[in-house]
Amino acid sequence: MLRAESLSVTRGSSLVLSGIDLALQPGEVLGVLGPNGAGKSSLLAALCGELLPSAGVVSLDGRPLAQWDGQLRAQRLAVLPQSSTLNFAFSVEAVVGMGRLPHASGAHLDSEIVAAALRAADAGHLSGRNYLELSGGERQRVHLARVLAQLWPGQGGQVLLLDEPTSMLDPLHQHITLRAVRAIAASGCAVLVVLHDLNLAARYCDRLLLLADGQAQALGSPHAVLQADLLEAVFGLQVLVHTHPELGHPLIIAR
């Protein structure tokens, strides 16, 4: 599975990550939290091979990520960046179908998978639309469908990395998106998701990594990480931590 060992990353002359040890587990959703500039997106970029470590190693199944053949790696590892730029008037199905490029599964099966991924992202009604005519939130859901299609239906040994997939979504679609993330994790896929909303992270993640100044401040269950004193130290925000009355996960309230 995907693992980072003593991972450090430098951007220009700045050390943006230092000494990160992390192993993603099959069937798990790992949330990454931290203030702006904490190193969250740099961590995701290093885990997918976009940024090379200045120290340490990122490996998939024990083999350094850089040694993987590109097509084989794409069959195992899908990435949704914070912003996906596409300036061509493709149909929605064509955009989602890009996720099937690493596979040789045939046009008929690919069409079925594209439709299923669009439904999972609550974007099935966008079929046939011009991508450039969509709103920002609709585009974000289409790109979610694309990475879901890349790994569909999900299985052990696969990894999905998501950088703020709920940032442009209304409250309903934030929950729909994270339910889709939980569903693909339930198939055996390991998921890492960068989030800003502490309550969404508490509800949908199995473990949380809290970053500040490029270093891990805590790694553990939502109950272990979402502590009032720790959150104040990292975010500078005083909070109350209660228990959700129905679901039992931590509920964070700003004071």
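Since every read-out is calculated from the coordinates, none of them should be taken as a lab result. Being a predicted model, the structure only gives us computed values, none of them experimental. Cβ atoms come from the backbone with ideal geometry, glycine included; neighbour counts cover every protein chain shown.
Criterion applied to Arg207, Arg203, Arg182 was being charged (D, E, K, R), in contact (Cβ under 8 Å) with a residue 12 or more places away in the chain and within 26 Å of Ser105 (Cα to Cα), and the one residue passing it is Arg182. Quick check: is even one residue across the range 175-185 of a type in the set (A, V, I, L, M, F, W, C), on the phi < 0 side of the Ramachandran plot and touching a Gly at 6+ places or on another chain (Cβ under 7 Å)? The answer is yes; a qualifying residue exists. Of Ser8, Ser18, Ser41, which residue is in a helix (DSSP H, G or I) and either of a type outside the set (A, V, I, L, M) or closer than 17 Å to Asp163 by Cα (or both)? Answer to the check: Ser41. Picking from residues in the range 123-145 that are closer than 17 Å to Leu80 by Cβ and part of a loop (DSSP other than H, G, I, E, B), the one that is nearest to the chain's Cα centre (by Cα) is Ala123.
Summed over the range 1-21, the residues that are small (Gly, Ala, Ser), loosely packed, with under 13 Cβ neighbours inside 10 Å and in contact (Cβ under 8 Å) with a residue 12 or more places away in the chain give a count of 1. In the set Leu109, Leu118, only one residue is free of Cβ contacts under 8 Å to residues at least 12 places away in the same chain and either surrounded by fewer than 20 Cβ atoms within 10 Å (Cβ to Cβ) or part of a helix (DSSP H, G or I) (or both); that residue is Leu109. Annotation: of all residues in the range 90-106 being more than 24 Å from the chain's Cα centre (by Cα) and within 24 Å of Leu132 (Cβ to Cβ), the one that is surrounded by the most Cβ atoms within 10 Å (Cβ to Cβ) is Phe90. For Ala74, the conditions (1) over 20 Å from the mean Cα position of the chain (by Cα); (2) among the small types (Gly, Ala, Ser); (3) closer than 25 Å to Gly156 by Cβ are fulfilled apart from (1).
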